1. Of the residues ILE611, ILE595, ILE497, ILE575, which is β-branched (Val, Ile, Thr), touching a residue at least 12 places away in the same chain (Cβ under 8 Å) and not in a strand (DSSP E or B)?
2. Tell me, please, whether a residue that is part of a loop (DSSP other than H, G, I, E, B), at pLDDT below 80 and among the small types (Gly, Ala, Ser) can be found in region 319-328.
3. Which one of GLY598, GLY610 is at pLDDT 85 or above, closer than 15 Å to VAL543 by Cβ and open to solvent by less than 10 Å² (accessible area, probe 1.4 Å)?
4. Find the residue count for region 771-802, including only residues that are closer than 28 Å to PRO286 by Cβ, touching a Ser or Thr at 6+ places or on another chain (Cβ under 7 Å) and of a type outside the set (S, T, N, Q).
5. When you scan region 142-159, do you find a residue that is at pLDDT 95 or above, over 30 Å from GLU668 (Cα atoms) and assigned to a strand (DSSP E or B), even just one?
6. Of the residues in region 261-284, how many are among the polar types (S, T, N, Q), surrounded by fewer than 17 Cβ atoms within 10 Å (Cβ to Cβ) and in contact (Cβ under 8 Å) with a residue 12 or more places away in the chain?
7. Whether any residue in region 206-216 is farther than 21 Å from ASP139 by Cα, modelled with pLDDT of 95 or more and in contact with a Phe, Trp or Tyr (Cβ under 9 Å, 6 or more places away or on another chain) is what I want to check.
8. When both residues are 6+ apart or on different chains and their Cβ atoms are under 6 Å apart, which pairs have a first residue that lies in region 536-555 and is in a helix (DSSP H, G or I), and a second that is of a type in the set (Ser, Thr, Tyr)?
Amino acid sequence: MLRQDLRHGLRAFLRSPGFAAVIVLTLALGIGANTAIFSLLNALVLRDLPVWQPERLVQLSGIYRNGSQVPFSYATFRELERGQRVFSSLIAWTPRYLATYNVEVNQALFQGDVRAVSGNYYSVLGNTPLLGRLISAQDVDAGSPVAVLGYEFWERHFGRDPAAVGSVLRIEGQPFTIIGVTRPWFSGLTPGAPPEITIPLTAGPFRKNLESRALLWLYVTGRLRDGVTPEQASVQLHSFWPQALAATPPTEAAGQRLQSWLAMKLELTSAATGVNRDLRTHFVRPLQILMGIAALILLVACLNLANLTLARAAARSHEMSVRVALGASRWQIARQLLTESALLSLGGALLAATLANGGNRFLVSLMTEGDVFPTTLDLRPDWRVFAFTALVTLGTSVLIALAPAWLSSQAQPASALSQGGRTVGGGAGTLSRALIVTQIALSAVLLIGAGLLLRTFQSLRSVDATLREASVLEVALHPRPGGYQDLDTSLYRRQLIERMRALPGVLSAAFCDTSVPSDSWWRDTVSFSSADTNSDQTAMLLVISPGFFQTLGIPLVAGRDFDWSDDAQHPPTAIVDGNLAHRLAPAGDVIGRRIRFGVQPEMQQLQVVGIARSTRLLDRRNDNALLIYVPGPQHPRELQEGKVLVRTQHPAGLVRQVESGIESLGHEYSAGARTLQQMNEQALLQERATAMLSTLFAALALLLAGIGLFGLMQYTVTRRTREIGVRMALGSQRGRILLMILRESLLLTVAGVAVGLPLALALSRLIEHILFGISSKDPATLATVVITLLAVGGLAGYLPARRAMQTDPMVALRHE
């Protein structure tokens, strides 16, 4: 029976190839979009690491007093290694955000992703090399200058040449022998961000970190022993954790810094799916929003196709009646239609697989545009992707066939005796109208959501974060190998800024230790130094040079600016922004008072010498951000590796001169130059991608709803041809015919809007936390959506109505 149903369905589609093509293509777009987004979420969040027994891996993290997760010092790692009894091995490794170093390959110098690993890193993960060998415990014990290349790095820089193994590359000027290449798709413990180069943590630029207890630079992961649960591991580690902290303090001096260290907690989490919080934060939230939108799009498409198949079922009513008259059961008729729908859905799913393969890569490129290091995700489909696609395909086939199957099962045998029977006409019309109203309602939801996201993006773009975004050039600075060795950084920064100011066309220049804007802030608590208790105010600190406020156009509302005499030989100073000044002293008496920031000794007696206007320098969304500025000459260690800011009327034409000026001093080179306007565009990449794709999906939903409504009105006009002819023969004016058809179209549209608006307002609360500058009930967005839907409804009704107006009464009277 199934074979007969399949054969009959295939013959039916061969007779109506256009109908089949429309359904397959529509489903391919809907299923493909959902599969593409799900495959990204699967690769980032759900898929286990491609390592040996990933479910036995556990990540260890310190929880600092402000609740943030922190890595460990080398000394703390060794204490954990000595005291633990629950792991077969503990491995140490460095994350990507600590991985940028000078790499030289074939005399080409560039920034490379260099990770440090312990000697058991590869063996614990169960990885084997593609070429050569991997880092071993002997390499770490000896501090051997050896390197292992990631597959993608080897492919990009060596063209997959096996002779790369045994050759030499340089890291920070030191020669390292390449001993091996990892296999494709090996990402270590950071999915999406595979290490380009790994070296022993006792070698090269990492060697100097081993003796520092204050430097928290190592991530630690353990493999549970057989029979040990994560809960048992947590109990055992916490039993000696206080002793481990006491044995490895970053300072011996009593005070808040030591107290904060000794109060640090330990957290254990599963590492089965990897450790890459930054990348997941970057991707997951917009992908979840897009997943919801794509699911609604697929539902709209299914409703549209259900309407199409409903009309086809109405056209096949005589065939179904004959089947019933010849003894077919209602279940057999329903099964035939379900089989046909399943065939179409299967065809759509097969095409969707191809579209999804390109779509997910497009999404990755769209959301990582401009990143320094490429994001490499294993997007190959696994059982989860196949299961998801199968479930979606099954669901769509049922949704498409449900209404036509139910309607066809109502066919009466007696109608087979009459070609003019209309046994399914009324039911089809009512059901079609219900489907159209639902489509319009869902389209309203999608349009309102897309409108809110689009207006949020526009609001963020138009925020006055700084006064001179388009005219300020930000140049990232990176040291040459040994470039900071024995260098007076305060004097060097002054020389660099003076050289920048001397360039033709430069109006002012300054230095800052972070990008503007930035998502990596030095954030800590702040209070008056005389306070006996900790403050709950959390501020962000920027280390800047004199001229910073002038370059960015930020006015001082009180006090003075920094100058080069604010150096290490003078009392430490600070400038606070207006928000922080008001929080610390609502009466406004903050000038001259001393504040403390965090627990670092050099930040405990900062005298406030000025108040700057509050800005959105680091976070465009937050107009209540609290900022502290300190002069770089008083903190020379923070003057290494930052950004030089240059204000000029023509930034694009000055880039080469600025880069040449930096390189002429012989200590640094430019790692990229962009205006602050371009930096802000990069910071809004997530919002732009989400707004763009949601608008595209909403437009597609509107198009489907419009086509569905047009098809229904066209079908209605066809069925009412004789009625329209009678009306016109009896003297009805063409304008009244037009109004009659338009009224029905607009009533359906209004009904859909009436259902969709409350639903949209309820669902928009789910994205309320990411909106900016508007509320989830934004009147302008709601009005625009309503007007757009009414316009589409009017157009969908006008075209069939115009055809009805041109009907010849005599032809219409002979229609049946």
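The values are calculated or read from the model by the stated rules, or taken from the named source; none is laboratory data. Note that the coordinates shown come from a computational prediction; the quantities given were computed from them, not determined experimentally. Here the Cβ is made from the backbone with ideal geometry for all residues, glycine too, and neighbour counts use every protein chain on show. Keep in mind that these areas ignore ligands, DNA and RNA; they rest on the heavy atoms of the full protein, side chains included. Shrake-Rupley method; radii C 1.70, N 1.55, O 1.52, S 1.80 Å.
1. ILE497
2. Within region 319-328, one or more residues are part of a loop (DSSP other than H, G, I, E, B), at pLDDT below 80 and among the small types (Gly, Ala, Ser).
3. Criteria check complete, one pass: GLY598.
4. 5
5. no
6. Qualifying residue count for the region: 2.
7. no
8. These pairs meet every condition: GLN550/SER508; THR551/SER508; LEU552/THR466.
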